[in-house]
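S.K.: First the structure, then my questions, so here it is.
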Amino acid sequence: MIPIIFHWIVLDLGCGPGLYVKKFAETGAKVKGIDLSQRSIDYANRYIKAGHENIYFTRMNYLDIDYAESFDIATLIFYDFCALNSTEQNRLLDKIHRSLKSNGVFVFDVVTVNRESSESTSISIRESGFWSPDPYVEIMNTFIYEKPRTEGTQYTIIAEDGSINIIRLYHRLFEMAEVQKLLNDHHFKVENIYNNLKGEPLTENSETYGVIARKAKKL
């Protein structure tokens, strides 16, 4: 959607193992990836950074970034923005605005209220999986909250020894007007909204938005 110019400096927030960092770097851009997971950063440094002098990885919470007009583009990919509460969203947008150079671009995606969500419960028995390399029972409960519309998922993981671990994840579901107002309030100008970050055309039933917003001057 936005061609990465070879001399640009890119900030990839929540970079995980660095898959998108690598793609950006292959254009010749200088790319900094930030993630809270030490395991992801270790993997990225070992397998992604090798052979790329224009890639840098840092382990930190991206809510704590403190850069000043350092980047041409900031990215937040795979609906990370939806997992933040309102206070965190506002904080992050302020920090991204400060980190971007004049006329810099923020690229991110969100899940919309069009996604068909319903409350449900499912039970799975696994020999191994995402939550553990050992056998476990997974009980997944999905809840829907209104004002603001949010999808909550609770995973109850029961290990062979009977121990129980509960993980709760929340995703805010956005209307387009909410996205636009939030960005405007933090001095970004929305340039384009797509169906996703592949740049597919938006439809009235789009379940995700890929958003391109440009840094505007504070009045």
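The values are calculated or read from the model by the stated rules, or taken from the named source; none is laboratory data. Note that the structure is predicted; figures quoted are calculated from it, not measured. Cβ placement follows ideal geometry from the backbone for every residue including glycine, while neighbour counts extend to all protein chains displayed.
S.K.: Among the residues in segment 133-146, are any within 26 Å of residue 20 (Cβ to Cβ) and either surrounded by 12 or more Cβ atoms within 10 Å (Cβ to Cβ) or not assigned by TED's automatic domain parsing to the domain that holds residue 13 (or both)?
M.R.: No: segment 133-146 contains no residue that is within 26 Å of residue 20 (Cβ to Cβ) and either surrounded by 12 or more Cβ atoms within 10 Å (Cβ to Cβ) or not assigned by TED's automatic domain parsing to the domain that holds residue 13 (or both).
S.K.: Report the residue count in segment 155-194 for those that are closer than 24 Å to residue 105 by Cβ, in contact with a strand residue (DSSP E or B) (Cβ under 9 Å, 6 or more places away or on another chain) and among the hydrophobic types (A, V, I, L, M, F, W, C).
M.R.: 8
S.K.: Any residue in segment 109-118 that is exposed (fewer than 14 other Cβ atoms within 10 Å of the Cβ), touching a strand residue (DSSP E or B) at 6+ places or on another chain (Cβ under 8 Å) and at pLDDT below 95? Give the steps one after another, and end with the answer.
M.R.: Looking only at segment 109-118, we keep the residues that are exposed (fewer than 14 other Cβ atoms within 10 Å of the Cβ), and these are 116, 118.
Narrowing the set further to residues that are touching a strand residue (DSSP E or B) at 6+ places or on another chain (Cβ under 8 Å) leaves 118.
Within this subset, residues satisfying the condition of being at pLDDT below 95 are 118.
Yes: segment 109-118 contains one or more residues that are exposed (fewer than 14 other Cβ atoms within 10 Å of the Cβ), touching a strand residue (DSSP E or B) at 6+ places or on another chain (Cβ under 8 Å) and at pLDDT below 95.
S.K.: Given the conditions (1) surrounded by 13 or more Cβ atoms within 10 Å (Cβ to Cβ); (2) β-branched (Val, Ile, Thr); (3) over 25 Å from residue 138 (Cβ atoms), which single one is not true for residue 203?
M.R.: Single failed check for residue 203: (1).
S.K.: Further, regarding this structure: Scanning segment 50-102 for residues that are part of a loop (DSSP other than H, G, I, E, B) and of a type in the set (Asp, Glu), which turns out nearest to residue 17 (Cα to Cα)? Even if it seems obvious, please write down each step before you answer.
M.R.: If we filter segment 50-102 for residues that are part of a loop (DSSP other than H, G, I, E, B), which is where we start, we get 50-54, 60-61, 65-70, 77-79, 84-85.
Now narrow it down to the ones that are of a type in the set (Asp, Glu): 53, 66, 69.
Working: 53: 17, 66: 22, 69: 25 Å.
Filtering segment 50-102 for residues that are part of a loop (DSSP other than H, G, I, E, B) and of a type in the set (Asp, Glu), the one nearest to residue 17 (Cα to Cα) comes out as 53.
S.K.: Quick check on my filter: what residues within segment 161-178 are at pLDDT 95 or above and more than 30 Å from residue 189 (Cβ to Cβ)?
M.R.: Residues satisfying the conditions are 161, 162, 163, 164, 165, 166, 167, 168.
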